[in-house]
Structures are given as structure tokens and as C-alpha cells.
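A.B. asks: Below: one structure in C-alpha cells.
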Amino acid sequence: MMSHNLQTHRTVLFLCTGNYYRSRFAEQLFNHVARRRTLDWRAVSRGLSNETGPWKIGPISRFALAGLQERGIGASEAHREPVYCEESDLRGADLVIALKEAEHRPLVTRRFAEWVDRIEYWHIHDIDAALPEDALAELEELVAKLIERLAATSRQTVR
């Protein structure tokens, strides 16, 4: 028998370039908080580029891991490798958030032009433009606001 939660939850899709640092942190942070709040949303994350570089060591960024550990969020399962975004990922999501508009809008335009204006864009810098502790603190704040927004929407639909 399937769990009721598995059948009814909605999905937020976090997009970044490599699905290695920002989107993975956002996914795990969101899921941790959503579970604690019994919110009927779950997060997944994908990358808009399948290119990797010498910076990729292991399946997830050490900065994302450190940021999660600092917030008391341990891995509930083994970390997976980055996953490249396909159109089915976009179609399967109820909400899509790209984590840095200046970086991700051009990638979305190139691969998924019909989705460009259906995505919510945030402005979280990558490691080349912000210290991880600053970027992750800003991302944590935006995820908290997102959860409040989704919780308020969920309460309105229940009434």
C-alpha cells in the first residue's frame, strides 16, 4: 500500500548549473524543514549543464555538506551524483526555481525556451562570486521564506 504522503505531495525543483552545490543544499535544506513542518511539498534538484570541472570532488560539494552539517542536517541516505535536467523534470514539478537568474536564465533559454518565464529566479551567487557561508545563509533565508509562502498556500487550499 502506498503512503498517503507519497501520493499527495507537491514538488519544487531547484535548478543550478552543475547540481553540485547550491541546488543540492537547497534541496536537502527544504526537505529537512518541510518534513519537520509536515508540509506537503518535497524538493528535488537538477543541473542545467552536464559539464564538470576539476572543482568536482565527490558527488556533492564540500561546502554544501558543511553548510548542512552546521545546520544539523545529516544525510538520510548516500549522496547521489549530480543529475542533468530534462524537460520531464520541469513538467513533473509544481514550482521551478533557478538559483541565479543571470547565470541560469541563458541556460534555460538555450535548452528549455518555453519554460523561461515559468521559472522563479533567485540571485544566489556561486563560489566564484560569494563566500559559501554568505551564499548559503542567503539561500537558507530564501528557502525559509519559500516554505512560509507554501505553508500559507497549503492552509488556504485546505479551507
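A.B. asks: Give me the pairs: first residue in region 83-95 and hydroxyl-bearing (Ser, Thr, Tyr), second residue surrounded by 14 or more Cβ atoms within 10 Å (Cβ to Cβ), beta-carbon distance under 9 Å, and six or more apart or on different chains, which are they?
C.D. replies: Close Cβ pairs (under 9 Å, with a partner that is surrounded by 14 or more Cβ atoms within 10 Å (Cβ to Cβ)) amount to Tyr84/Asn19; Tyr84/Arg46; Tyr84/Gly47; Tyr84/Leu48; Tyr84/Ser49.
A.B. asks: Do the conditions hold for Ile119, that is, is it in contact (Cβ under 8 Å) with a residue 60 or more places away in the chain and either over 14 Å from Phe25 (Cα atoms) or among the basic types (Lys, Arg) (or both)?
C.D. replies: yes
A.B. asks: For the condition at pLDDT 95 or above, among the β-branched types (Val, Ile, Thr) and within 14 Å of the chain's Cα centre (by Cα), what is the one hit in Val108, Val96?
C.D. replies: Being at pLDDT 95 or above, among the β-branched types (Val, Ile, Thr) and within 14 Å of the chain's Cα centre (by Cα) holds for just one of Val108, Val96, which is Val96.
A.B. asks: Out of region 8-67, which residues are in a helix (DSSP H, G or I), crowded, with 21+ Cβ neighbours inside 10 Å and hydroxyl-bearing (Ser, Thr, Tyr)?
C.D. replies: Ser23
A.B. asks: Same structure again: List the residue pairs whose Cβ atoms are under 8 Å apart, where the first residue sits in region 62-75 and is within 18 Å of Arg35 (Cβ to Cβ), the second is not in a helix (DSSP H, G or I), and the two are 6 or more positions apart or on different chains.
C.D. replies: Leu68/Gly74; Leu68/Ala75
A.B. asks: Do we find that Thr109 is exposed (fewer than 15 other Cβ atoms within 10 Å of the Cβ) and in contact with a helix residue (DSSP H, G or I) (Cβ under 6 Å, 6 or more places away or on another chain) in this structure? Don't jump to the end; show me each part of the working.
C.D. replies: On the way: exposed (fewer than 15 other Cβ atoms within 10 Å of the Cβ): yes; in contact with a helix residue (DSSP H, G or I) (Cβ under 6 Å, 6 or more places away or on another chain): yes.
It is true that Thr109 is exposed (fewer than 15 other Cβ atoms within 10 Å of the Cβ) and in contact with a helix residue (DSSP H, G or I) (Cβ under 6 Å, 6 or more places away or on another chain).
A.B. asks: Could I ask something else about it? From Arg80, Arg105, Arg46, Arg110, grab the single residue that is in contact (Cβ under 8 Å) with a residue 40 or more places away in the chain and over 18 Å from Ala144 (Cβ atoms).
C.D. replies: Only one candidate qualifies: Arg46.
A.B. asks: Can I ask one more? Is it fair to say Ile147 is under 20 Å from Leu48 (Cα atoms) and β-branched (Val, Ile, Thr)? Show your work before the answer.
C.D. replies: Numbers: under 20 Å from Leu48 (Cα atoms): no; β-branched (Val, Ile, Thr): yes.
Spelling it out, it is not the case that Ile147 is under 20 Å from Leu48 (Cα atoms) and β-branched (Val, Ile, Thr).
The values are calculated or read from the model by the stated rules, or taken from the named source; none is laboratory data. Small disclaimer: the values here were computed from a predicted structure and weren't measured. Every residue, glycine as well, gets a Cβ built from its backbone with ideal geometry; the counts of neighbours run over all protein chains shown.
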